[in-house]
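All remarks here apply to the structure that follows.
What follows is calculated from the coordinates using simple rules that are stated; it is not laboratory data. Quantities reported herein were computed from a predicted structural model and do not represent experimental measurements. Please note: Cβ atoms are built from the backbone with ideal geometry, for glycine as well, and neighbour counts cover all protein chains shown.
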Amino acid sequence: MTPAQRIDLLRAACCVANADGSASESEMILVKKLIKEVGVGRASVEAMMDRAKIDPTFCEDQFKILKSDPSDTMLALLQVAMADGELTEEEIRVLQALANNLEIPTDVFDQLIAQVKETLSQS
């Protein structure tokens, strides 16, 4: 995934985290992992989070971009979520919401989780 695609991924994660009007602590865990991986500054992230809260078009645009390759997008998000060696129920809930938005079938989502877990266990 290119740096630009990772930024798109971060923007989409901001949209998912704010889908209900505010980002929970558990949702922010995933967003913070992406922030660290992408290397964007605090002001940029705050702008993304604010825009995700108030601009539905911003979020729609992010999902259109990510839908071009939904399985790769989800795999990258899963890898970020599991970078600390675990995948919590809260992270799964957030990722499942994004998978639903990307129209990824549940069985494919489950296979991606298994694939990432297998990769991590071999590390």
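Annotations for the structure displayed:
- Total formal charge among the other residues, if their Cβ is under 14 angstrom from that of Leu66, Lys/Arg +1 and Asp/Glu -1: -2
- The sum of -39500 (n - 2.57) across all DSSP H runs of n ≥ 4, divided by the residue count of the chain, sets its helix-only mean residue ellipticity at 222 nm to -24500 deg cm²/dmol.
- The value of relative contact order for the chain, using C-alpha pairs under 8 Å at least six residues apart, is 31 percent.
- Selection from Thr73, Val38, Ile92, by position along the positive dipole direction of the stretch 3-122 (Cβ): Val38
- Rounded Å value of the spacing that divides the Cα centres of the stretch 98-114 and the stretch 7-27: 17 Å
- C-alpha long axis of helix 56-66 to longest principal axis of the chain, angle in °: 30 degrees
- Cβ-Cβ FRET estimate between Ser26 and Asp72, R0 fixed at 30 Å, reported to 0.05: 0.80
- Charge context of Arg51, other residues only, Cβ under 14 angstrom, K/R +1, D/E -1: -4
- Residue-span extension gain [Asp55 to Val108] - 0.36 nm each, minus C-alpha spacing: 16.1 nm
- Taking Cβ separations below 4.7 Å as the criterion for a possible disulfide partner, the isolated cysteines in the chain are Cys14.
- For the stretch 14-123, size of Cβ-based charge dipole, Lys and Arg +1, Asp and Glu -1, in debye: 320 debye
- Gain on full extension, evaluated as 0.36 nm per residue between Lys64 and Glu89 minus their Cα-Cα distance, stands at 6.4 nm.
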